[in-house]
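The values are calculated or read from the model by the stated rules, or taken from the named source; none is laboratory data. Being a predicted model, the structure only gives us computed values, none of them experimental. So basically every Cβ, Gly included, is an ideal-geometry build from the backbone, and we count neighbours across all protein chains shown. SASA here: full protein model, heavy atoms, side chains in, ligands and nucleic acids out. Shrake-Rupley method; radii C 1.70, N 1.55, O 1.52, S 1.80 Å.
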Amino acid sequence: MSDLFHLADSYRARARWPDADRIAWIRKDRWLGFPKAEAVRKTLDAMLRYPPRTRMPCLLIYGQTGMGKSRIVERFEAENPRGFNEATGVATIPVVAVQLPPQPTDGEFYGEVLEKLRAGFAARGDTQRARLLTRRLMGQVGARMLILDEINHMLACTPRQQRIFLNTLRYLANDLQIPLVCTGNHEAQAALLTDAALAERFDAVELVRWQNDEAFRLLMVTLAAILPLRRSSQLEEERCRTSVLDLSDGNTGRIFRLVETLAIRAIENGSECIEASDLDADDLLMPSVSMKVIAQRRARTRARGRV
Ligand SMILES: Nc1ncnc2c1ncn2[C@@H]1O[C@H](COP(=O)(O)OP(=O)(O)OP(=O)(O)O)[C@@H](O)[C@H]1O
Ligand SMILES: [Mg+2]
């Protein structure tokens, strides 16, 4: 085995693991603090430390599916874990993060928050009680931030329910006196902006698609330095970067899936590195490759079949 100098110090030992263990490691969830994700995480950090006042800052993190919104929320929640207040004998939950149910009526929404607060409560039909209980418990557990992931789910509701939901957001933003953070797609952002009061309260930060710039080059450098392959990969090279961007459409989730798939192949076929030509393989499929690219490839194959 080579000296593994192409890997970051703390990742070298892993490259010596047996194949099955390396593959299992690649498939595991991990956090990569690329600059945009780190910037959002730091903003959340600053919001959490914001002194209480009548108007607390609110933030909408938006972007297309797979851009890493939920991953940021999960990471932030993990960094601010539940605890236990010895003096009062109650649990503390500094960051309450809930994922919105597929069609969030008011009752279901409060049900979800109460579940997170570990309060079994059948909210059905009694939204007002659920709301009061939520407010009381949020205070009791010392909640300092409420995060609602996937607010785009509200778009699956009727226009009337959507209005009710936006009212709920406004109520929460005003009443809880803690920062409110929402994540969603572009449609959710548009829906939020239709409410003048919310548009005024919320700052918005977009997770934009990756482009062939320095940030993306650094992401490729980082991946090449942490993936447990025994030979140096070409991920940083221009041809690799353009191919990865083309195939993934600049989508964070697809970029990770694609590079991970290639790394696993490199272990399985013994090449132990990712080269530009690996990205030409015709059998790279969803979810790592965008549907657009797959459709283009099929069209090309069909056209070739006709000549
Ligand atoms: N910071 C990160 N570190 C490592 N992997 C990441 C990171 N951000 C995103 N990913 C990868 O991208 C995938 C998609 O991310 P995530 O589920 O957070 O997207 P999302 O924006 O919440 O999408 P959706 O709108 O569909 O909920 C993750 O499963 C993970 O593999
Ligand atoms: Mg998500």
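Numbers for the structure displayed
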read-out	value
Euclidean distance of C-alpha centroids, the stretch 1-78 and the stretch 234-303, integer Å	22 Å
Helix 106-116 axis, angle to the chain major axis (alpha carbon atoms, nearest 10°)	70 degrees
³J(HN,Hα) computed for each position of the stretch 247-258 - Karplus, 6.51 cos²θ - 1.76 cosθ + 1.60, integer Hz, glycine/proline x	5, 9, 6, x, 8, 3, x, 5, 4, 4, 4, 4
Per-pair calculated FRET efficiency, R0 = 35 Å: Ala156 and Asp213 via Cβ, rounded to 0.05	0.50
Solvent-accessible heavy-atom area per residue, rounded to whole Å², over the chain at 1.4 Å	51 Å²
Among Pro57, Pro104, Pro159, residue whose mean-square fluctuation peaks in a GNM of the chain (springs only between Cα atoms under 10 Å)	Pro159
For the stretch 3-20, 3J(HN,Hα) per residue [Karplus equation, 6.51 cos²θ - 1.76 cosθ + 1.60, θ = phi - 60°, Hz, x = Gly/Pro]	6, 6, 5, 6, 9, 5, 2, 6, 9, 5, 4, 5, 5, 8, 5, x, 3, 4
Where a label projected 7 Å from the Cα of Lys292 along Cα→Cβ would reach, residues of the stretch 252-268 with amide N under 16 Å	252-255
J(HN,Hα) series, the stretch 175-185, from Karplus relation 6.51 cos²θ - 1.76 cosθ + 1.60, nearest Hz, glycine and proline x	8, 6, 6, 9, x, 10, 10, 10, 10, x, 8
Carbon and sulfur %, accessible surface of the chain computed with the full protein complex present, 1.4 Å	50 percent
Normalised contact order of the stretch 35-206, rounded percent, pairs of Cα under 8 Å and 6 or more residues apart	34 percent
Candidates Asp106, Asp19, Asp282, ranked by Gaussian network fluctuation over the chain, Cα under 10 Å, top entry	Asp282
Sequence-distant residues sharing a close amide H with Thr92 (under 5 Å, placed H)	Gly83, Phe84, Asn85
Relative contact order of the chain, pairs being alpha-carbon contacts under 8 Å that are 6 or more residues apart, as %	23 percent
Helical mean residue ellipticity (222 nm; -39500 (n - 2.57) per DSSP H run of 4+; nearest 500) of the chain	-15000 deg cm²/dmol
Cα-based helix-to-principal-axis angle, 127-140 vs the chain, degrees rounded to 10	80 degrees
Selection from Gly83, Ile151, Gly68, by position along the positive dipole direction of the chain (Cβ)	Ile151
Amide hydrogen neighbours beyond the local backbone of Ala97, cut-off 5 Å, H modeled	Ile147
Solvent accessible area, Å² - Lys42, 1.4 Å probe, full protein context	130 Å²
Listed residues Gly139, Gly83, Gly68, most fluctuating in the chain (Gaussian network, C-alpha, under 10 Å)	Gly83
For Leu59, residues with placed amide H under 5 Å, excluding near neighbours	Leu180, Val181, Cys182, Asp203
Under the Debye formula (equal points on every Cα, no solvent term), log10 I(q)/I(0) of the chain at q = 0.14 Å⁻¹	-1.06
Folded to 0 to 90 degrees: helix 214-226 orientation relative to the chain principal axis, Cα	70 degrees
Rh by Kirkwood over Cα pairs, then Stokes-Einstein D for the stretch 35-206 at 1.567 mPa s and 4 °C, µm²/s	80 µm²/s
Reach of Lys292 by Cα under 17 Å, taken over aspartates and glutamates that are not fewer than 8 positions away in the same chain	Asp246, Asp249, Asp280, Asp282, Asp283
Semi-axis lengths (Å, descending) of the ellipsoid that matches the C-alpha gyration tensor of the stretch 1-51	34, 13, 8
